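Please read the structure below before turning to the comments.
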Amino acid sequence: MSERYRNYIGGEWLRPAADNYHDNRNPADRNDIIGAFPNSDATDAEQAIAAAKSALESWSSLSSHARGEYLRKAADILEKRAEGVARDLMREEGKSLPEAKGETMRGVTILRYYAMQTMLPDGDVIPSAGAKTFLYSRRIPLGVCTLITPWNFPIAIPLWKAAPALAFGNTVILKPSELAPLTAHNIAECFAEAGLPAGVFNVVFAEGKRVGETLATHPDVTALSFTGSVRTGKILAQQAVEHGKKYQLEMGGKNAAVILPDADMEQAINLTIQGAFKSAGEKCTATSRAIVHRAVYDTFAANLVERTAALKIGPGDDASAYLGPVISEAARDNILNAITEAQAEGATVLCGGSVPDAPALAKGNYILPTVFGNIRPDMKIAKEEVFGPVLCLLPAEDLDDAIRLLNDVEYGLSASLFTRDLNAAMQFAEKAQAGMIRINGETAGVEPQAPFGGMKASSSFSREQGLAARDFFTQVKTVSVDRAG
Ligand code: ADP
């Protein structure tokens with residue numbers, strides 16, 4: 001029998017109340033069961049909330065420097081364990097080992113960055129109308145925060161929420177995705193080894209809907225930070241509003257790279273392929289549309305398709321593989337359905353479009369990197385997120401037309417432009433409806449010290465990471481002080 005893992009609640013590793021578990025499988029080999037993880041329920045969620053509540057007073061009363069010291073320790077421990085943590089991440093999520101290592105080291109950076117932020121000013125001194133009045137505002141913690149996270153960046157996303165939440169004096173309950181729980185277990189181990197006081201950081205493993213409502217609506221929870229699908233985001237937003245919680249949502253994207261005739265074509269092709277197919281396209285910032293100026297459309301398409309067809313597919317520890325499996329059989333089937341539907345609407349598969357036929361890959365959830373031509377902007381495949389290795393090519397008449405096509409979707413997460421024309425770049429940066437813009441860069445990729453988030457249906461308007469995280473994980477208290485008498 002595979003190892004049975006436990007929740008981390010109040011500084012202890014606890015069995016779920018109902019003793020209910022589910023298997024965590026390797027997407028590159030479905031017969032490889034990584035472990036049995038709790039499928040917790042409301043009782044476990046309530047226990048975690050109670051633990052976080054009882055730890056709040058003493059944690060929020062520590063000096064911010066002291067809290068930063070715990071984050072620094074956790075960063076050092078994670079750095080020491082990085083190789084093993086990255087291998088676990090690769091095994092449960094499917095991305096390549098270098099990507100898994102990169103993400104783990106990003107986690108280390110995130111912890112150190114928010115440890116540093118505990119030394120930044122936490123308020124303003126404001127001139128008062130009263131000549132002798134000392135008027136100031138200060139950022140204070142929110143309280144108990146629920147973090148609900150997806151499987152595609154199982155270390156970076158939980159840490160870019162937890163690190164600022166903890167740094168600014170909140171206690172947290174992390175509910176990681178049931179599809180990549182081992183990495184969250186590793187995070188909890190790092191915090192435990194760093195000596196974080198009991199109840200400050202808790203992890204409850206479960207399928208989302210079993211604990212989601214309790215974690216989002218419980219009277220002792222103040223705030224909810226979520227990354228995942230639009231469908232779940234809408235449910236959580238409704239619950240949060242109804243129960244008066246502060247909330248933030250990061251959801252899907254239908255990100256486009258725009259290619260103008262004066263671009264460095266080599267760079268544009270490489271970075272479009274990278275944005276579309278690295279991590280099997282399972283990034284919310286992945287490139288799912290390439291909008292190409294008609295003057296270079298045919299050469300760009302021919303070149304990109306030739307190179308995409310030659311990409312090697314394989315498990316994360318095969319150093320020669322460019323992309324790995326998608327997360328689950330269900331995800332694979334959804335992506336294959338989207339491909340079939342697109343063909344039925346008249347789109348043409350230029351390469352890929354199916355599962356690979358190599359027998360060595362039969363046990364994994366693989367899909368060949370797929371490029372579509374003959375796309376009309378009103379097709380479902382051109383509008384809806386696929387979350388897999390699928391790229392649509394669309395021609396544009398000029399920059400204005402490209403920006404119109406780019407903006408003609410409900411999402412607005414990331415967008416990139418390939419050009420040498422400064423004016424075009426400035427126009428694009430101004431007019432593209434996306435929270436993250438890159439000129440001569442791929443649509444995917446974020447830096448933890450910069451604000452991250454989307455426009456339109458991609459987010460709830462708040463931003464994560466950088467200095468923006470403080471806006472979400474704190475509230476402002478304004479104080480005026482006068483002399484007695
Ligand atoms: P994805 O399709 O990327 O897995 P989901 O929105 O289904 O996106 O999952 C993101 C996170 O939300 C996961 O941790 C999942 O368990 C959780 N989740 C799913 N459904 C709910 C729900 N009804 N309430 C709360 N959390 C949920």
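Computed from the coordinates by the stated procedures, all read-outs in this text should not be read as laboratory data. In this text, all values refer to a predicted model and were calculated from it rather than measured experimentally. FYI the Cβ positions are ideal-geometry reconstructions off the backbone, even for glycines, and counts take in every protein chain you see.
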inquiry  = Restricted to Cα positions, what overall size does the range 145-197 have along the principal axes? Three whole-Å values, descending.
reply    = 28, 21, 15
remark   = Cα extents of the range 76-174 along the principal axes, largest first, in whole Å, come to 63, 23, 18
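Given +1 on the Cβ of Lys and Arg, -1 on the Cβ of Asp and Glu, and no further charges, what dipole in debye does the range 61-161 carry about its Cα centre, rounded to the nearest 20? Don't skip to the answer; put the middle values down first.
Details: 15 positive and 11 negative charges, 45 e Å.
The dipole of the range 61-161 has a size of about 220 debye.
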key: Cα lying deepest toward the dipole's positive end in the range 163-278, options Asn255, Gly275, Gln239, charges on Cβ   = Gln239
inquiry  = Under the √(5λ) rule applied to the eigenvalues of the Cα gyration tensor, what semi-axes describe the equivalent ellipsoid of the range 236-393? Give them in Å, descending.
reply    = 27, 22, 16
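So if I place +1 on the C-beta of Lys and Arg and -1 on the C-beta of Asp and Glu, and nothing else carries charge, what would the dipole magnitude of the chain be about its Cα centre? I want it in debye, nearest 20. If you can, show how the numbers build up before the last one.
On the way: 49 positive and 58 negative charges, 239 e Å.
Computed charge dipole of the chain: roughly 1140 debye.
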task = Starting from the amide H of Ile126, placed 1.01 Å from N in the peptide plane, find each other amide H under 5 Å away whose residue is 5 or more places distant or on another chain.
result = Leu135, Tyr136, Ser137
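Of Ile126, Ile269, how do they rank once you tally other Cβ atoms within 10 Å and put the fewest first?
In increasing order of surrounding Cβ atoms, one gets Ile126, Ile269.
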For q = 0.29 Å⁻¹, Debye-computed log10 I/I(0) when each Cα of the range 60-110 counts as one equal scatterer = -1.00
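Hey, any idea what Rg/Rh is for the range 294-370, computing Rh the Kirkwood way over Cα pairs? It would help to have the intermediate numbers written out before the result.
Values: Rg = 13.9 Å, Rh = 13.7 Å.
When Rh is taken as the Kirkwood radius, the ratio is 1.01.
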request  = Excluding residues on the same chain fewer than 8 positions from Lys95, give the lysines whose Cα lies under 19 Å from its Cα.
outcome  = Lys278, Lys283, Lys312, Lys363
note = Ranking Ile437, Pro389, Val349 by how far each Cα lies towards the positive end of the charge dipole of the range 336-442 (+1 on Lys and Arg Cβ, -1 on Asp and Glu Cβ), the top one is Pro389
key: Separation of alpha-carbon centers, the range 150-189 and the range 292-323, rounded to whole Å   = 33 Å
request  = Calculate the length of the line joining the C-alpha centroid of the range 75-130 to that of the range 452-485, in whole Å.
outcome  = 20 Å
remark   = hull vol. (C-alpha, convex hull) per residue for the range 416-467, Å³ -> 83 Å³
message = Just to check, using Stokes-Einstein with a Kirkwood Rh over alpha carbon pairs, what's the diffusion coefficient of the range 228-313 at 20 °C and 1.002 mPa s in µm²/s?
response = 141 µm²/s
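Let me know the whole percent of all Cα-Cα pairs from the chain that are separated by more than 37 Å.
Working: 34463 of 117370 pairs.
The answer is 29 percent, as a whole percent.
For Lys161, Lys363, which order do you get if you count the other beta carbons within 10 Å of each Cβ and list the fewest first? Let's see the in-between values first.
Values: Lys161 28, Lys363 16.
Starting with the residue having the fewest Cβ neighbours, the order is Lys363, Lys161.
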message = Using +1 at the C-beta of Lys and Arg and -1 at the C-beta of Asp and Glu, which of Phe134, Ala75, Ser61 has the Cα lying farthest in the positive direction of the dipole of the range 43-161?
response = Phe134
request  = Scale the Cα Rg of the range 14-146 by the rule-of-thumb value 2.2 N^0.38 Å and send over the ratio, two decimals.
outcome  = 1.50
query = Taking H as built 1.01 Å from N, whose amide H comes closer than 5 Å to the amide H of Glu207, not counting residues under 5 places away?
reply = Ser40
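What size of dipole, in debye to the nearest 20, comes out for the range 141-217 about its Cα centre when the only charges are +1 on Lys and Arg C-beta atoms and -1 on Asp and Glu C-beta atoms?
160 debye
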ask   = Under a no-solvent Debye model with one identical scatterer per Cα of the range 303-423, what's log10 I(q)/I(0) at q = 0.19, 0.20, 0.21 Å⁻¹?
value = -1.12, -1.19, -1.26
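Among Asp88, Asp482, what is the fewest-to-most ranking by other Cβ atoms within 10 Å?
Values: Asp88 22, Asp482 11.
The most exposed by this proxy come first: Asp482, Asp88.
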